[in-house]
Amino acid sequence: MRQFLVILLSVFSFSAAYTCDPSITIEGEEKSKYKKNDELIVKVRIVNTHRNCSVDIKNTKFEQEGIKILSATDWKEIEPGIWERKLKIKITANKGQNAKINIIRPCSKGGCNLPYTFPT
């Protein structure tokens with residue numbers, strides 16, 4: 001049993017080392033609820049934990065539901081392997097509908113898929 005747990009932990013540690021680490025933060029005041037037509041700035045950060053990703057940062061995709069991306073900065077590498085970009089978004093969902101964005105980076109090392117929901 002102990003050997004099984006060691007192998008299982010090793011597999012999870014190994015797979016975690018081969019994924020991107022995405023995050024989204026809201027610039028300025030964060031609201032507990034957003035209304036239709038609210039505009040806000042979000043900062044997207046991607047940390048390439050495996051350091052030598054074969055997928056260019058420009059191939060990062062954004063799926064949207066109940067929001068619209070109005071504008072975006074170019075990706076900027078703020079430290080080796082750490083990329084940031086700001087998006088100006090507008091909430092298009094009505095109260096109670098989904099307002100979310102999903103960051104997708106497909107690659108053979110696991111990539112990433114981060115859904116982020118804005119409460120309405």
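Here are a few things to note about the model shown:
- Counting other Cβ atoms within 10 Å as a rough exposure proxy, the listed residues Leu114, Leu70 run Leu70, Leu114 from fewest neighbours to most.
- The lysine pair count for region 65-120, using Cα distances under 19 Å and pairs eight or more places apart or on different chains, is 10.
- Exposure proxy ranking, count of Cβ atoms within 10 Å, fewest first, for Ile69, Ile78: Ile78, Ile69
Throughout, read-outs are computed from the coordinates displayed, never taken from laboratory work. Nothing here was measured: the structure is a model prediction, and the numbers come from that model. Counting neighbours? That spans all protein chains shown, and the Cβs are built from the backbone with ideal geometry, glycine included.
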